[in-house]
Every structure is written in C-alpha cells, then in structure tokens.
Amino acid sequence: MISLFLIFAGVTLFVNGIWMWMDQSNRTRHLKLTGQDIAVVNIFTAIIGLVLMISIIAYGQNDNYYDYSAAAYIGLFSLTYLWLGINQFTGANGAALGWFALIVPFIGIPAGLTALKHANGVFETWLAIDWFAWSALWFMFFLVLALGRNIQRATAGMTLAQSIGTALLPGILFFSGVVGFSQV
C-alpha cells in the first residue's frame, strides 16, 4: 500500500514543485499554472491517503498490538495535500498550513530514526532517510508559508528533487519488483 501512496505523493510533489518554480520565474509567465490547476492533484492524492489510512486502521481494529504509525504518517501527507488543495481553490495564504508544517518535523525526525533503527537493507534505509528529507522540506514550507521567507525558489527545487528521490523512484522500484520491503 505504501508504494501506491509513494507514486501519487511523488506526482503531487512534482506538480507542486513545478507550480512553485514557475510562480517564481519571469520567463515562464505564459506557462503559469494556477492554484486551481494544481488543487485537483493535491485533493486526489489526499483522498487516496485517506482511503489508505482507513484501510490500515480497519486492518488492525481488533488487534491490541497493531502498529498504527503508517496510518498516522500517511495522514501527515494527506492533510498537507488536502489543506494545500483547499487553499489553492479558496485563495487562502497558507499561513496556518505553514504552522502545521513546523510541527511535522517533530514527528518525521523520530519516524526516520525509528525506521533507520529497524531498516533491513539498503532500500529500507533509503526510505528511513527519506523522513529526514521530508522533515527538511516541511520545515522549508514553514519558513515560506508562516514566516514569509523568500526561499520559494529553493523550496521549489527541493520539492522537485524529493518528488523523484523520495517518492516516485522508490514507488516505481517497488512496483517493478526491483526492490521489496521486509514489512509492508
């Protein structure tokens, strides 16, 4: 299930990165994307995440020792995408989303440390390290959205790089059978 979400999260990160990049470029004025254009992919990916969260929770409903952390982690992404999509439709400035983004690294960094501790092999180590990259990206969103720092271009570049390196590539490698997880 996680590989399915990685594919959609990667596509969504990529499209959002392009949107942020083009928004900062004077050379691409005729190619500019609107928030409403991007909102669709954000909301669609949020819905996929919500369905996966519900599935994970339902699967462990009768097990007192079930680990619900995957549902919580997918929820961080899903809420981010849903919130961003709604902001894009409504034209909200995203400051509240920025403050939410400040809290996420306090969850993502321990998640990365825990995943790194339990990683079996290169691929699971890669995915554990992704949590540190995602935490840095969410922190950049905090700086841009909540504090108004002028790092949109760097944030766009980081978003584009992470769309491929932390989401699309691992998702594709898993789907194609090149790599596998010890636990999914």
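Yes or no, residue by residue, for (1) in contact with a Gly (Cβ under 7 Å, 6 or more places away or on another chain); (2) under 22 Å from GLY165 (Cα atoms):
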| position | (1), (2) |
| --- | --- |
| LEU76 | no, yes |
| ASN93 | no, no |
| PRO105 | no, yes |
| ALA111 | no, yes |
| THR114 | no, yes |
| HIS118 | no, yes |
| THR125 | no, yes |
| SER135 | yes, yes |
| LEU145 | yes, no |
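Right, LEU102: without any contact (Cβ under 8 Å) to a residue 24 or more places away in the chain, touching a helix residue (DSSP H, G or I) at 6+ places or on another chain (Cβ under 6 Å), of a type outside the set (Lys, Arg) and farther than 20 Å from THR34 by Cα or not?
no
Would you be able to tell me the number of residues in the stretch 81-105 that are among the small types (Gly, Ala, Ser) and closer than 14 Å to ALA136 by Cα?
Going through the stretch 81-105 one residue at a time, the tally reaches 2.
If I ask for residues that are part of a helix (DSSP H, G or I), more than 29 Å from TRP19 (Cβ to Cβ) and not polar (S, T, N, Q), which ones from the stretch 40-80 would you list?
Matches in the stretch 40-80: ILE56, ILE57, ALA58, TYR59.
Being closer than 24 Å to PHE123 by Cα and more than 11 Å from the chain's Cα centre (by Cα) is the filter; apply it to the stretch 2-51 and report the residue that is modelled with the highest pLDDT.
Only one residue tops the list, namely ILE48.
Answer yes or no as to whether ALA92 is in a helix (DSSP H, G or I) and either of a type outside the set (D, E, K, R) or touching a residue at least 60 places away in the same chain (Cβ under 8 Å) (or both).
Judged against the criteria, ALA92 is not a match.
Would you be able to say whether some residue in the stretch 18-26 is surrounded by 19 or more Cβ atoms within 10 Å (Cβ to Cβ) and within 21 Å of THR159 (Cβ to Cβ)?
Yes - at least one qualifying residue is present in the stretch 18-26.
Quick one: ALA58 ticks every box in (1) out of contact with any Phe, Trp or Tyr (no Cβ under 7 Å at 6 or more places or on another chain); (2) small (Gly, Ala, Ser); (3) more than 21 Å from ILE129 (Cβ to Cβ); (4) surrounded by 13 or more Cβ atoms within 10 Å (Cβ to Cβ) bar one, so which box is it?
If we test ALA58 against (1) out of contact with any Phe, Trp or Tyr (no Cβ under 7 Å at 6 or more places or on another chain); (2) small (Gly, Ala, Ser); (3) more than 21 Å from ILE129 (Cβ to Cβ); (4) surrounded by 13 or more Cβ atoms within 10 Å (Cβ to Cβ), just (4) comes out false.
Determine which single condition TRP83 fails, assuming it passes every other condition in (1) closer than 22 Å to PHE174 by Cβ; (2) assigned to a helix (DSSP H, G or I).
(1)
Can you spot a residue in the stretch 133-146 that is outside any loop (DSSP other than H, G, I, E, B), among the hydroxyl-bearing types (Ser, Thr, Tyr), out of contact with any Asp or Glu (no Cβ under 7 Å at 6 or more places or on another chain) and more than 15 Å from TYR73 (Cβ to Cβ)?
Looking for residues that are outside any loop (DSSP other than H, G, I, E, B), among the hydroxyl-bearing types (Ser, Thr, Tyr), out of contact with any Asp or Glu (no Cβ under 7 Å at 6 or more places or on another chain) and more than 15 Å from TYR73 (Cβ to Cβ), one finds none in the stretch 133-146, hence no.
The values are calculated or read from the model by the stated rules, or taken from the named source; none is laboratory data. All values reported here derive from a predicted model rather than from experimental measurement. For neighbour counting, all protein chains shown are included, and Cβ atoms are generated from backbone atoms with ideal geometry for every residue, glycine included.
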